[in-house]
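The values are calculated or read from the model by the stated rules, or taken from the named source; none is laboratory data. Keep in mind the model is a prediction, meaning the values are calculated, not measured. All Cβ positions, even for glycine, are placed from backbone atoms using ideal geometry, and neighbour counts span all protein chains on display. All accessible areas refer to the heavy atoms of the entire protein, side chains included, with ligands and DNA or RNA removed. Shrake-Rupley method; radii C 1.70, N 1.55, O 1.52, S 1.80 Å.
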Amino acid sequence: MTESRSRFARLFHTEAGTDTVLLRLLHSKSGLVGIFILAALSAVALLSSFIAPYSPYAIVASPYLPPSQSHLLGTDGLGRDIFSQMIYGTRLSLEIGFVSAVGITVIGTVVGVVSGFAGSYVDEALMRFVDVMLVIPSIAFMIFVATIMGPGVVSVLTVIIVFGWPPLSRMIRSQTLSIKRRGFVESAVVSGSPRYYTLFRVILPNMTSLIVANAMLAVIYAIIADASLAFIGLASTNSYSWGSVLYNAQIEGAIYHNGMLWITLPGVAIAITGIAMTLIARAFGDITDPRFSTEGR
């Protein structure tokens, strides 16, 4: 029990007991870069209405204008400013990424912990269901489900979460099976601690680094999945994301209208976000589990 609590405490304080995880992330090179990029993207998302020079829906110029001082990325086939669409798209893409990551993490963690701790028929039933979910071609089935539900943010979030949690639950289950054999868990069971206490107060804190790191990676998984659905026209038609900007570039033949920036920048934005989340996940893992530290290599 003591080992569990001390491990949990180390997630929030250093050995000296003074620095929080956030401060240690800021002292980590990879963590600092990742947080800076994420903070910049978040600022763009929050201040999009102030940063964007035009409404993304307003017709402000002639169609297919090339990039210029007035329109940094040019205009689309209706004369709407593409730069403004990218700025507003940052907000929706990050919202979908983080909301989906929360859903994926909560469901995957609960299923994995309960399956690994309960064992027997509960474990068998849950893992067989997870096996079925894992063998379904996720992108193809996402398209199928999104088509039935219709384009929209809710349908996108639903299909991303439904097909995103099974891999995490497998990982959490394996870790739970390993942890529950350790002495401090057996001590909690022998001392008569309630099962929910042992599960959520003894076992779960020892997987915080794994859970948080995978939650960070789930954000970029969700953004890429949203972009994939948007690229084939299954995203919301009432709002912009990076994927819908890319979809518009495809259907309007941007490559024939001097629109290389229109085509490439949504992908660049997604890649930069992926780099940020990966750096934060790596730095968090280094801090909370020094055995796997890569800092300074």
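Across the range 38-185, Cα pairs under 8 Å and at least six residues apart give a relative contact order of 23 percent. Other residues within the sphere of radius under 9 Å centred on the Cβ of Gly116, judged by their own Cβ, net out at +1 (K and R +1, D and E -1). By accessible area, using a 1.4 Å probe on protein heavy atoms only, the chain has 68% of its surface on carbon and sulfur. Based on Cα contacts under 8 Å between residues 6+ apart, the chain shows a relative contact order of 27 percent. Ordered from highest to lowest accessible area with the whole protein assembly present and a 1.4 Å probe, Val132, Val154 read as Val154, Val132.
Annotation: amide H of Arg80 within the under-5 Å range of Val60, sequence separation 5 or more or interchain, hydrogens built in the peptide plane. Computed from the alpha carbon atoms alone, the convex hull of the range 222-265 holds 64 Å³ per residue. Basic side chains Lys and Arg get +1 at the Cβ, acidic Asp and Glu get -1 at the Cβ, and with that the dipole of the range 33-168 about its Cα centre reaches some 220 debye. Adding -39500 (n - 2.57) for every DSSP H run of four residues or longer, then dividing by how many residues the chain holds, sets the calculated 222 nm ellipticity at -22500 deg cm²/dmol. Placing unit charges on the Cβ atoms of the charged side chains and taking the dipole of the chain about its Cα centre, the candidate lying farthest along the positive direction among Tyr88, Gly108, Asn238 is Gly108. Axis of helix 82-118 versus longest Cα principal axis of the chain: the two differ by about 20°, to the nearest ten degrees.
Computed about its Cα centre, the charge dipole of the chain is approximately 840 debye, with only Lys, Arg, Asp and Glu carrying charge at their Cβ.
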